[in-house]
Each structure stands twice: as C-alpha cells, then as structure tokens.
Amino acid sequence: MEDPQARMLRMVQGLLSKTVANGATQAEAELAAAKAQEIAFKYSIDLMKASAVSKGTKLDFKHQPFDLGSNHTWKRTLFHGICWCNFTKGVHWTGTRKAAIVGEEHNIQVVEYLYRYLVRAITDLSNEAWHRETRGRTYTTSAEGEGEGTFKDRFGRGAATAVVNRLYGQRAASQAETQSSALVVVRDADVKQAFQVHYPATRTSKGVKRAASSSWSQGVKAGKSVPLNAALGRG
C-alpha cells in the first residue's frame with residue numbers, strides 16, 4: 001500500500017504537470033496549481049495533529065542542497081518565498097546558483113516541485129514579453145533601451161514578487177480555513193530552530209528593490225496571471 005507521504009507528493013507533482021503547455025485550459029491549470037499548494041499545506045497540518053508536535057515533539061528535519069538554475073535575483077526571491085509558504089527555510093550563496101533547504105522531507109519536495117513549475121512559467125512569460133517588445137524592430141533593445149538580459153531580469157523580478165505575494169495570501173487562506181494558527185506558529189519556530197543548527201551565522205537577505213521600468217510592471221502583471229490563483233476550497 002502506498003504510504004501517505006508518497007501519495008501526497010504524487011498528487012502534487014501530477015497537479016503541477018497540468019499546464020496550458022501540456023493541454024490543460026487556463027482555468028484547469030489555475031485550479032490544479034492552487035490545489036497542489038492547498039494539499040501540501042493541509043498534509044503538513046494533518047501530520048502535525050497526528051503527531052505530538054503541539055506538545056513539543058519534533059519531527060525529522062533534513063538539509064537538502066538545491067540548484068536554483070542560475071544566480072538571477074528573481075529566482076532567489078521566488079525560492080525564499082516558496083520555502084516560507086511551505087514550512088521550510090532556504091539559504092543561498094551570493095553570486096552562485098547554489099542553495100539549500102531545511103525542513104521535513106515532504107515539504108522540501110513540494111518546494112522543489114513548485115519552484116521548478118513557477119520558474120518555467122515565469123521564464124515562458126518573460127520570453128513572450130521580450131518577443132512582443134522587439135517585434136518588427138531591426139534592433140534588439142526594449143522601448144526603454146534595455147538589452148534582452150536586463151529586460152528579462154527586471155521582468156522576472158516583478159513577476160516573482162507578484163507570485164510570492166499571492167503565495168503568502170494562499171498560505172493565510174489555508175491557515176484560516178484549517179483553523180491552525182497555533183500549529184503554524186509552532187512549526188515555523190521549529191523550522192527556524194532547525195535552520196539555525198545548520199546555518200548559525202547566516203545573514204538575512206535584503207529585499208529586492210523595485211526597478212523603475214515598464215519591464216518590471218509587465219512582470220508584476222504577468223505574475224498575477226501565473227496559474228496559482230486563490231482557488232482554495234474549490235474542486
């Protein structure tokens with residue numbers, strides 16, 4: 001018989017594969033992505049209730065190296081936001097693509113699945129935006145004189161910021177729906193304590209500064225359309 005954790009991870013991975021590129025409608029992709037996040041959150045809450053976590057018993061925290069794929073700022077923003085929303089904590093090494101996640105194994109895997117899904121979505125949107133920006137022109141800069149790399153980086157920052165804000169909203173909605181505020185506080189404290197064991201001297205990253213450009217604004221708008229709408233409780 002399949003164990004509950006494996007079943008949950010299989011469901012999350014299956015839901016995140018339901019993308020427009022794979023033949024799903026926009027509405028189906030939005031609902032699937034939101035449902036994946038909801039399942040992951042509720043599984044963690046149920047696991048806490050089933051154990052004696054609220055009474056001080058600690059679950060098994062692991063340390064997992066992780067490759068961000070590049071050292072772009074927007075990917076770090078996305079990574080840390082996803083970690084926080086899924087009862088984990090991340091660390092990255094400045095100037096590299098190297099990172100790591102501290103948390104329970106099932107939550108670490110959800111972070112990995114969701115990060116890859118959202119990076120693909122934002123990358124596709126930035127490529128589409130750049131194509132629109134330069135269509136019909138004989139030169140390869142944006143209307144504001146940005147090269148492709150600068151345009152896509154600023155676009156990604158805007159999109160990642162919008163997506164992370166929406167993830168925060170989804171976590172708050174799930175927390176209210178499950179009436180689990182006390183457990184969430186306990187688990188967040190446990191994650192922080194476990195993280196400090198592995199990285200006692202880690203510095204907190206500074207927030208991403210807003211880039212005053214239309215590429216940032218386009219990214220924010222696109223980030224609001226990434227299939228991860230607040231469809232919690234539906235379906």
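Every read-out reported here was derived from the displayed coordinates using simple, explicitly stated rules and does not represent laboratory data. Quick caveat: nothing in here was measured; it's all calculated off a predicted structure. A quick note on method: Cβ atoms are made from the backbone with ideal geometry, for glycine too, and the neighbour counts reach across all protein chains shown.
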Among the GluC sites (Glu not before Pro) in the range 95-145, which ones are in a DSSP loop with at most 14 other Cβ atoms within 10 Å of the Cβ? Mind listing them? E144
Restricting the range 88-177 to chymotrypsin sites (Phe, Trp or Tyr not before Pro) in coil, as DSSP defines it, with at most 14 other Cβ within 10 Å: W93, Y139
Collect residues whose amide H, placed 1.01 Å from N in the peptide plane, falls under 5 Å from the amide H of K62; neighbours closer than 5 in sequence don't count. G103, E104, E105
Ordered by packing density, taken as the mean number of other Cβ atoms within 10 Å over each peptide's residues, highest first, how do 84-90, 61-67, 14-20 rank? 84-90, 14-20, 61-67
Here is the link list: K98/K152; K42/K62; K35/K221; K35/K152. Which ones come out longer than 27 Å on Cα distance? K35/K152
Trypsin sites (Lys or Arg not before Pro) within the range 109-188: DSSP coil, no more than 11 neighbouring Cβ in 10 Å: R135, R137
Report, in debye and to the nearest 20, how large the dipole of the range 56-144 comes out about its Cα centre when Lys and Arg carry +1 and Asp and Glu carry -1 on their Cβ. 180 debye
